[in-house]
Amino acid sequence: MKKHICIQAWKACFLTFGFLLVASGGQGMAVHAADLVSYTGELKVHFFATSTLHDFEGDIPAVPLTAKRTVDTAPSQSDHWEVVSKVGVDTLTTHHEKRDKKMFEMFKVDRFPSFVLKVSDAIQTASKGEQAHVPVQVTILDKTLKLDGVVTDWSDKDGKVAFRLETVIFLEAFGLERPGTAFGLIKVGDEVRVEADVQVSRKEAKND
């Protein structure tokens, strides 16, 4: 008798749960589909550094990058991006031959010919003319660190997206030995401010 009552009680609980799930539309439990869109484009970088003698600037000409955009089809319509670019160290230039040579030595270009920049988060909020704070993952030498980044100047029109990413890199945090002269009379500062301009276009699907 007791066994029969327990079975009936479990059935009642299961039916009640099912009714509540249907009535609520499955909120909080349903897995919503998401659209994944691929983009290709380029990254241009301008960086600002200091030294005990004078400040200087440098550039990274356009390098290719890939981007993936995931749009949740749920009512929230959340929009998430992942942008990845692999940058050759030898593309960096301060427009000063001797300084560039020391910079390449600092990056140990013979052992680590490139570094990787990765941005992932819902950075489209900057489209409203506001700043969006995002995590920036940077790999230099054999070390990967997560930095704070700021996205501005967001533009999304006709399948083309552009924005500016700003972050600060501390050389010693990556184990880099800052270039300098004998006896340390002149030495490059630890902090390097980076401005990266990103432009990508929606990758068209190939027809079979």
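Values quoted throughout were computed directly from the atomic coordinates according to the rules given, and no laboratory measurement underlies them. Just so it is clear, the structure is predicted and the values come from calculations on it, not from any experiment. So basically every Cβ, Gly included, is an ideal-geometry build from the backbone, and we count neighbours across all protein chains shown.
Rank by packing, highest mean first: peptides 85-98, 132-145, with packing defined as the count of other Cβ atoms within 10 Å averaged across residues.
Working: 85-98: 14.5, 132-145: 16.1.
In descending order of packing, they fall as 132-145, 85-98.
Can you give the convex hull volume of the alpha carbon atoms of the stretch 31-202 per residue, in Å³?
Values: hull volume 21.0 nm³, N = 172.
Cα convex hull per residue, to the nearest whole number: 122 Å³.
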